[in-house]
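One structure below.
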Amino acid sequence: MRVQAANVRTKSVYEPADPTDGRRVLTTQYWARGIPRTAVDEYVRKLGPSRELLHAFKRAEIDWAAYKIFYLEEMQNEEAKSEIRRLAQVAQDETITLMCVCKDESICHRTLLRDLILAAKTP
């Protein structure tokens, strides 16, 4: 069974919470500065890009095209795949909002993660 696209949203953790967010899932390696733990429902560090990848991108050592390739490779480990499948199962019954500190979702891993969740096969 596939997840409905409307059930998987993305936003910056710095945007105000909204009742339509459903389950708010922070997916970063680092906790977001100034954000209380109560602002999110789950913190799934393993779905964030590695520190090395994040630093390379932030320092402009790699471009977005390379970042996408490396991030998707990082998500091929069993631990990440398991979390992706779990979130896909959750999203079958409720809305989830994937969050990161990036303001521009067009160059943020959360959009890539959303696609992985939407493509995940669930029982």
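Just so it is clear, none of the values below were taken in a lab; they were calculated from the coordinates. Only a predicted model underlies this, so the values are computations on that prediction, with no experimental measurement involved. Neighbour counts are summed over all protein chains in view; Cβ atoms, including those assigned to glycine, are modelled from backbone coordinates with ideal geometry.
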The stretch 88-108 - residue that is charged (D, E, K, R) and touching a residue at least 24 places away in the same chain (Cβ under 8 Å) and, of those, surrounded by the fewest Cβ atoms within 10 Å (Cβ to Cβ): GLU94
Condition check: basic (Lys, Arg) and surrounded by fewer than 15 Cβ atoms within 10 Å (Cβ to Cβ). Does LYS81 satisfy that? yes
Being touching an Asp or Glu at 6+ places or on another chain (Cβ under 9 Å) and on the phi > 0 side of the Ramachandran plot is the filter here, so list the residues in the stretch 19-42 that pass it. GLY22
Specify the residue that is farthest from SER106 (Cα to Cα); the eligible residues are those in the stretch 7-23 that are in a strand (DSSP E or B) and of a type outside the set (A, V, I, L, M). ARG23
Residues located in the stretch 30-49, provided they are surrounded by 13 or more Cβ atoms within 10 Å (Cβ to Cβ) and either without any contact (Cβ under 8 Å) to a residue 60 or more places away in the chain or closer than 20 Å to ALA88 by Cβ (or both): TRP31, ILE35, ALA39, VAL40, ASP41, GLU42, TYR43, VAL44, LYS46, LEU47, GLY48, PRO49
Kindly indicate whether THR111 is crowded, with 20+ Cβ neighbours inside 10 Å, out of contact with any Leu (no Cβ under 6 Å at 6 or more places or on another chain) and among the polar types (S, T, N, Q). no
By residue number, the members of the stretch 16-29 that are in contact (Cβ under 8 Å) with a residue 40 or more places away in the chain, surrounded by 11 or more Cβ atoms within 10 Å (Cβ to Cβ) and not charged (D, E, K, R) are GLY22, VAL25, LEU26, THR27, THR28
